[in-house]
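To start, the structure under review is shown below, and the notes come after it.
The values are calculated or read from the model by the stated rules, or taken from the named source; none is laboratory data. Not measured: the values here are computed from a predicted model. With ideal geometry, Cβ positions are generated from the backbone for all residues, glycine too; neighbour counts draw on all protein chains shown. Calculation scope for accessible area: heavy atoms of the full protein, side chains included, ligands and nucleic acids excluded. Shrake-Rupley method; radii C 1.70, N 1.55, O 1.52, S 1.80 Å.
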Amino acid sequence: ESFVEHLNAVNDDYFVACLDIGHAELKGLKTSAVEMIKALGPKLQALHIHDNDYLDDMHTLPGLSEMKWNEIMKALADIKYKGDFTFETDHFFDSLETVEECECGLKLSVLIGRRLIRDFCKYK
């Protein structure tokens, strides 16, 4: 509610919201990512996407922990989200040691990104 109030107070079409999906799902917050997406509606125009276990700020690839990505993609489709899906998955890559592992990690990132987009489009 506070986020939306601040956006409305500025009342400028160029002042929009970026939601960190992983941070929105951390324990202790009163709202979920889905609730925040719905509340922000058309003001939501950018995302930081990463997964977590609702306790730790894991910054790992979507689907590698516990967040409910189908519900998140449906909420984004419901508000007709038009922005980018920006992965913020640095901790996933921290554990990779070789160039070959990093290349495989990047390929996996692309596949997961395509799955999220496919799921998002399914709900449109």
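Rounded to the nearest 20, the Cβ-based charge dipole of the chain about its Cα centre (Lys and Arg +1, Asp and Glu -1) stands at 880 debye. The trypsin sites (Lys or Arg not before Pro) of the stretch 27-86 that DSSP puts in a loop, and whose beta carbon has at most 10 other beta carbons within 10 Å, are Lys27, Lys30, Lys80, Lys82.
According to the square roots a ≥ b ≥ c of the eigenvalues of the Cα gyration tensor, what is the shape class of the chain, taking rounded for a/c under 1.5, prolate for a/b larger than b/c otherwise, and oblate for the remainder? Taking the square roots of the gyration eigenvalues as a ≥ b ≥ c, the chain is prolate. Computed extension gain for Lys38 through Thr98, at 0.36 nm per residue and net of the alpha carbon distance, reaches 17.5 nm.
When only the Cβ of Lys, Arg, Asp and Glu is charged (+1, +1, -1, -1), the dipole of the stretch 37-104 relative to its Cα centre reaches about 900 debye.
The mean accessible area for residues of the chain, using a 1.4 Å probe and ignoring ligands and nucleic acids, is 63 Å² per residue. Only protein heavy atoms count here; on that basis, with a 1.4 Å probe, Ser65 has an accessible area of about 30 Å². Each peptide in 114-124, 98-108 was scored by the mean count of other Cβ atoms within 10 Å over its residues; highest first, the order is 114-124, 98-108.
Only helices reaching 30 angstrom along their own axis (Cα) with mean Kyte-Doolittle hydropathy no lower than 0.0 count here, and for the DSSP H runs of the chain these are 99-123. Within straight cross-link reach of Lys38, meaning Cα distance under 23 Å, which lysines are found once same-chain residues fewer than 8 apart are removed? Answer for Lys38, where 23 Å is the Cα cut-off: Lys27, Lys30, Lys68, Lys74, Lys80, Lys82, Lys122, Lys124, listed by chain and number. Note on the chain: helix-only mean residue ellipticity at 222 nm, from DSSP H runs of 4+ residues weighted -39500 (n - 2.57) and normalised by residue number, equals -14500 deg cm²/dmol. Full extension of the chain segment joining Ala46 with Thr86 gains 13.6 nm, where the gain is 0.36 nm per residue of separation less the Cα-Cα distance.
Using the Cβ-Cβ distance between Asp56 and Asp12 with R0 set to 30 Å, the FRET efficiency from 1/(1 + (r/R0)^6) comes to roughly 0.25. Taking Glu97, Glu35, Glu5 and ordering them by how much accessible surface each has at a 1.4 Å probe, largest first, produces Glu97, Glu5, Glu35.
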